[in-house]
Amino acid sequence: MAGRMPVCRMEEFAMPYVIRPSDWKVLTPSQKGSLTHQLVRRAHAARARAIGHMLLGWARYLSLRRQRHQLIELAAMDDMALRDVGINRSEIGAALRSGTSLGRTNR
């Protein structure tokens, strides 16, 4: 029994776990493959989450940039032009935040 390798369960290697070389050496090829597969799966999931967060942040940035540009355009209009669009100067911010169409309304 002295030459027998210890049997390790995969639960013992649940993340986060630092795999030391001494831990890796006692694993069977099947356990090494399973652990490698688990590590790769988790790395892919973490990468997907990071990309998703980055894209969400970029979309928010573009939205704020577009809203700021629209605010500058509307603020540059005179009161007559704003009335033609269907808002007055005090409604510019609310109209942009609500995302409503600035088309002519029946008043």
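The values are calculated or read from the model by the stated rules, or taken from the named source; none is laboratory data. On a predicted model such as this, the values are computed, not experimentally measured, just so you know. Positions of Cβ are backbone-derived with ideal geometry, glycine not excepted, and every protein chain shown enters the neighbour counts.
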Yes or no: residue 68 at pLDDT 90 or above and over 30 Å from residue 88 (Cβ atoms)? no
How many of the residues in the stretch 17-42 are in contact (Cβ under 8 Å) with a residue 12 or more places away in the chain and polar (S, T, N, Q)? 4
Hey, among the residues in the stretch 11-35 that are in a helix (DSSP H, G or I) and surrounded by 11 or more Cβ atoms within 10 Å (Cβ to Cβ), which one's modelled with the lowest pLDDT? 13
Would you check which residues across the stretch 85-96 are part of a helix (DSSP H, G or I) and surrounded by 10 or more Cβ atoms within 10 Å (Cβ to Cβ) and list them? 85, 89, 91, 92, 93, 94, 95, 96
Just need a number here: residues in the stretch 69-83 that are in a helix (DSSP H, G or I) and either small (Gly, Ala, Ser) or surrounded by 11 or more Cβ atoms within 10 Å (Cβ to Cβ) (or both). 8
